[in-house]
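Values quoted throughout were computed directly from the atomic coordinates according to the rules given, and no laboratory measurement underlies them. Please read these numbers as outputs of a predicted model, since none were measured by experiment. Reconstructed Cβ throughout: ideal geometry from the backbone, glycine too, with neighbour counts over all protein chains shown.
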Amino acid sequence: MNTDLIYEDETYAIRGAIYEVYKSLGTGFLEEVYQNALEEELALRHIPFVAKKALKVRYKGRDCGLYEPDFICFDKIIVELKAVETLHEKHSAQLMNYLKATSFRLGLLVNFCAYPKVDIRRRVL
């Protein structure tokens, strides 16, 4: 089984919403603007999502904190937004840590301020 292709249909739908937001807004806004716009677009497309849901991080069976991914779509895909000039390995590591701390296997790292187009990176645990 090729794990890179898990949730292919769901990912395609999410990517379509991301591209629509980017096509409308372009680059240069703060992350919060893209967050709000993507919430609207996901709702318009009837893509199930929860924004900024606090999830527990556990260490050796004990709660040690909370984190809030930007979106959880289809109850199984984490979508993490950025609005930075360039994505760095620390951004990818952040998403991988989110996946490790949960039962989720797939995450999308999205940079709306990439040029010449939005940068969407797929990460599989």
222 nm mean residue ellipticity, helices alone, for the chain (DSSP H n ≥ 4; -39,500 (n - 2.57); rounded to 500): -11500 deg cm²/dmol
Using a Förster distance of 35 angstrom, determine the FRET efficiency expected from the C-beta separation of Lys23 and Arg62, and round it to 0.05. 0.20
Residue-span extension gain [Asp75 to Lys117] - 0.36 nm each, minus C-alpha spacing: 12.4 nm
Determine Rg/Rh for segment 1-54; Rg is computed over alpha-carbon atoms and Rh is the Kirkwood hydrodynamic estimate from the same atoms. 1.03
Among 56-67, 9-20, what's the highest-first ranking by average C-beta atoms within 10 angstrom per residue? 9-20, 56-67
Packing-wise, with mean Cβ within 10 Å as the measure, how do 117-125, 23-31 rank, highest first? 117-125, 23-31
Tally the DSSP beta bridges in the chain and give the antiparallel ones as a percent, rounded to 5. 75 percent
Treating only the Cα positions of segment 3-124 as identical point scatterers, give the base-10 log of I(q)/I(0) from the Debye formula at each q in 0.11, 0.12 Å⁻¹. -0.35, -0.41
